[in-house]
Amino acid sequence: MAPTNQVLVKESSHVRAIILNRPKQLNALSFEMISRLLELFHAYEEDPNVKLIILKGEGRAFCAGGDVAAVVQDINKGNWKLGANFFSKEFTLNYLMATYTKPQVSLLRGIVMGGGAGASMHGRFRVATDNSVFAMPETAIGLFPDVGASFYLSRLPGFFGEYVGLTGARLDAAEMFACGLATHFVPLEKLSLLEDALCKENTGDPKIICNIINGFSYTPKLKDKSQYFRLKTINKCFSRRTVEEIISALEKEGDKKMDDWISWTLESLKKASPTSLKISLRSIREGRLEGVGECLIREYRMVCAVMRGQVSKDFLEGCRALLVDKDKNPKWEPSKLEFVSDRMVDHYFEGLKVEDWEDLKLPIRSNLPSHAISKL
């Protein structure tokens, strides 16, 4: 498939439906796709004829993330700066979406993970459906929740964002709606009717758009064993200062009453990269006090340090074990939380001291609507 076909556009008067079109790769975002999306979003913002953007995925996923396998190939060839270029474009797209002057409605069929969350969570309307699955699974591959996740995860109820970001927990549609990641829930069989109604109304007025979506939407019921019902325990454990303290708080809860959820949570944390866990926790904590632009600039520093691999090469190892060889047995280095010092963690937040590297330069945004200004 030619790179230009990886993003399709359907025009309908004042509405533009953008379709992520790499269904065999679950619409994982390639460099070409990110570049094209950036081009389209810039052009549509300037075009007075465009009033509303609908974003959706072809096939059974919305988007399974950024194409990190391609980034890893570049790093392995000694070209981490190509990876830096990939993330710089992706984070700029995330910022544009977060501060967009026109409404974006994302239709979240199927998988919404990593970079797919970055392409939707920053937009105004996020419509989950029966088969939606959200996750930020980066700690399992030696990365951290990026694409501005330190902004949106840190704003979830209580410490649910730390839980989701550190464990890579998968949320279903009802959980996405309950915690605020989704703004609406529309059943699968009504999604295309919703899209038709949005095109027919042909408006960019957020109140009218919201009312149209409300007409197809209802509040989904959480499953009896939903992890969202564990929010009290999550808040008690994931509010702790360090990853080590979070784990020991969970173990204490398990001593009182061990169940499947606590053992799964502990197992997920113990399987993840120790370095990733530590930088992810600090990132989400810092994100609580920062605007979306500051979060993305900091995450860009972090991702460049991850790719450069001076403190740890866990990203390469995690991708090898989970995406390339698929033996699911990464050998993390440092191998234990206690071997990851505060000084090592600091390194990820300081910016690179290498020639011709610079901080992410985000575009200057003006005439923003109030909901976008609140994110700055």
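The values are calculated or read from the model by the stated rules, or taken from the named source; none is laboratory data. Computed from a predicted structure; not experimentally measured. Positions of Cβ are backbone-derived with ideal geometry, glycine not excepted, and every protein chain shown enters the neighbour counts. For accessibility, only protein heavy atoms count, side chains too; no ligands or nucleic acids. Shrake-Rupley method; radii C 1.70, N 1.55, O 1.52, S 1.80 Å.
Some values worked out for this structure:
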{"item": "Residue in the stretch 62-79 that is in contact with a strand residue (DSSP E or B) (Cβ under 9 Å, 6 or more places away or on another chain), open to solvent by 10 Å² or more (accessible area, probe 1.4 Å) and over 18 Å from CYS304 (Cβ atoms) present", "result": "yes"}
{"item": "Single condition LYS223 does not satisfy, out of (1) out of contact with any strand residue (DSSP E or B) (no Cβ under 8 Å at 6 or more places or on another chain); (2) over 19 Å from SER150 (Cβ atoms)", "result": "(1)"}
{"item": "Residue that is under 23 Å from TYR152 (Cβ atoms), open to solvent by 10 Å² or more (accessible area, probe 1.4 Å) and polar (S, T, N, Q), where the choices are SER268, SER273, SER263, SER248", "result": "SER268"}
{"item": "Residue within the stretch 181-192 that is in contact with a Phe, Trp or Tyr (Cβ under 6 Å, 6 or more places away or on another chain), more than 14 Å from SER283 (Cβ to Cβ) and open to solvent by 20 Å² or more (accessible area, probe 1.4 Å) present", "result": "yes"}
{"item": "Residue in the stretch 302-313 that is closer than 26 Å to ILE247 by Cβ and open to solvent by 20 Å² or more (accessible area, probe 1.4 Å) present", "result": "yes"}
{"item": "Some residue of the stretch 204-215 being part of a loop (DSSP other than H, G, I, E, B), at pLDDT 95 or above and open to solvent by 40 Å² or more (accessible area, probe 1.4 Å)", "result": "yes"}
{"item": "First in the stretch 198-224 and on the phi < 0 side of the Ramachandran plot, second anywhere and acidic (Asp, Glu), Cβ under 6 Å, 6 or more apart", "result": "ILE212/GLU201"}
{"item": "Filter result for the condition that a residue is open to solvent by 10 Å² or more (accessible area, probe 1.4 Å), under 12 Å from the mean Cα position of the chain (by Cα), over 17 Å from THR183 (Cβ atoms) and not polar (S, T, N, Q), over MET113, MET136", "result": "MET113"}
{"item": "Subset of the stretch 14-58 [loosely packed, with under 14 Cβ neighbours inside 10 Å and small (Gly, Ala, Ser)]", "result": "ALA43"}
{"item": "Residue match in the stretch 278-292 (condition: without any contact (Cβ under 8 Å) to a residue 40 or more places away in the chain, in a helix (DSSP H, G or I) and more than 25 Å from SER374 (Cα to Cα))", "result": "no"}
{"item": "Condition broken by GLN6, with the remaining ones in (1) within 23 Å of the chain's Cα centre (by Cα); (2) in contact (Cβ under 8 Å) with a residue 60 or more places away in the chain satisfied", "result": "(2)"}
{"item": "Neighbours by Cβ (under 6 Å, 6+ apart or cross-chain): first from the stretch 340-369, among the aliphatic types (A, V, I, L, M); second assigned to a loop (DSSP other than H, G, I, E, B) and surrounded by 12 or more Cβ atoms within 10 Å (Cβ to Cβ)", "result": "VAL340/PRO334; MET344/VAL311; LEU368/THR99"}
{"item": "Of all residues in the stretch 181-208 being more than 24 Å from the chain's Cα centre (by Cα) and of a type in the set (A, V, I, L, M, F, W, C), the one that is farthest from ASN49 (Cα to Cα)", "result": "LEU193"}
{"item": "Only one of GLU299, GLU350 that is of a type outside the set (A, V, I, L, M) and either within 19 Å of PHE86 (Cα to Cα) or surrounded by 15 or more Cβ atoms within 10 Å (Cβ to Cβ) (or both)", "result": "GLU299"}
{"item": "Selection count, the stretch 87-106, where residues are open to solvent by less than 10 Å² (accessible area, probe 1.4 Å) and in a helix (DSSP H, G or I)", "result": "8"}
{"item": "Test: residue in the stretch 323-330 that is assigned to a loop (DSSP other than H, G, I, E, B), in contact with an Asp or Glu (Cβ under 6 Å, 6 or more places away or on another chain) and at negative phi", "result": "yes"}
{"item": "Among residues of the stretch 155-173, those that are open to solvent by less than 10 Å² (accessible area, probe 1.4 Å) and either at pLDDT below 95 or not in a strand (DSSP E or B) (or both), counted", "result": "9"}
{"item": "In the stretch 186-210, the residues that are farther than 14 Å from ALA128 by Cα and in contact with an Asp or Glu (Cβ under 9 Å, 6 or more places away or on another chain)", "result": "ILE208, ILE209"}
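Listed here are the residues, each with its yes/no results for (1) of a type outside the set (Val, Ile, Thr); (2) in contact with a Phe, Trp or Tyr (Cβ under 9 Å, 6 or more places away or on another chain); (3) at negative phi.
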position	(1), (2), (3)
VAL7	no, no, yes
LYS10	yes, no, yes
SER13	yes, no, no
ILE18	no, yes, yes
ALA28	yes, no, yes
ARG36	yes, no, yes
ALA61	yes, no, yes
ALA84	yes, yes, yes
PHE87	yes, yes, yes
